[in-house]
Amino acid sequence: MRWVRMCAYAWFAICGVVHAEAAPQSIMLAAASPLPPTDAVSKPWPSPAQQITVQLPGMSHHFDDPVDEDGVAMTNRKYNERNWGLGVQLERKLQGDWQGWVGKTAFGMMRDSLNEMGGYAGHTWQKRLVETGTYTFDAGGGAFLFYRTLAFDGPHVLVPAVLPVLSATKKDWGLGLNIVAVPRVKLADGTMPGVIYAQFTKGY
């Protein structure tokens, strides 16, 4: 009878050791198994930029001639319509409620309408109206901040603006065009001339 009890104790001991060794392994396997997609936790921050674009020099068309503080035409002055400069544009497709929209952040330097070098920065929200294997076409608007002159031979000032923007890209070439419309606005430091500005881009 004592021998039967000893065998029973030995059997329970062996089963306990086996169970103790198997449990951690099963726990590790469960932890290593991938979670279903529905259990994945979304990141609270936005995804990084999906495309980096270099903004190249552009050209512009002004709708009127320069005028002085009294509104008299300045016959000896002309607006600059060859806007040399260089900038960077970061582009990201938006998700969720903004599905089908594209966010674009840009900053750089360029020669303004009064032929002075200045800086700019802005962010636009544009609806992707057309996207094929070859072309994209976006339309929207955004907020900008310019560091530029508003009077000939005048000082540089900060000029905030909210402007409409059109963009088109030929994918296989990586070449694109940004078109910005600026209305004529009289400000305390001078006048923002009415102009349509076309800027060439090269995507990577």
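The values are calculated or read from the model by the stated rules, or taken from the named source; none is laboratory data. As the structure is a prediction and not an experimental result, all values here were calculated from the model. No Cβ is skipped: glycine too gets one built from the backbone with ideal geometry, and neighbour counts run over all protein chains shown. For accessibility, only protein heavy atoms count, side chains too; no ligands or nucleic acids. Shrake-Rupley method; radii C 1.70, N 1.55, O 1.52, S 1.80 Å.
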Out of all the residues in segment 156-171, is one or more closer than 17 Å to S60 by Cα, in contact with a His (Cβ under 8 Å, 6 or more places away or on another chain) and touching a residue at least 12 places away in the same chain (Cβ under 8 Å)? no
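Going by what's in this entry, would A139 be described as in contact with a Leu (Cβ under 8 Å, 6 or more places away or on another chain), touching a residue at least 12 places away in the same chain (Cβ under 8 Å) and open to solvent by less than 20 Å² (accessible area, probe 1.4 Å)? Please lay out each step first, then the result.
On the way: in contact with a Leu (Cβ under 8 Å, 6 or more places away or on another chain): yes; touching a residue at least 12 places away in the same chain (Cβ under 8 Å): yes; open to solvent by less than 20 Å² (accessible area, probe 1.4 Å): no.
It is false that A139 is in contact with a Leu (Cβ under 8 Å, 6 or more places away or on another chain), touching a residue at least 12 places away in the same chain (Cβ under 8 Å) and open to solvent by less than 20 Å² (accessible area, probe 1.4 Å).
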With (1) surrounded by fewer than 16 Cβ atoms within 10 Å (Cβ to Cβ); (2) within 14 Å of Y197 (Cα to Cα) as the list, and V165 as the residue in question, which single condition is left unmet? (1)
Of the conditions (1) at positive phi; (2) modelled with pLDDT under 95; (3) open to solvent by 20 Å² or more (accessible area, probe 1.4 Å), G174 clears all except one; give me its number. (3)
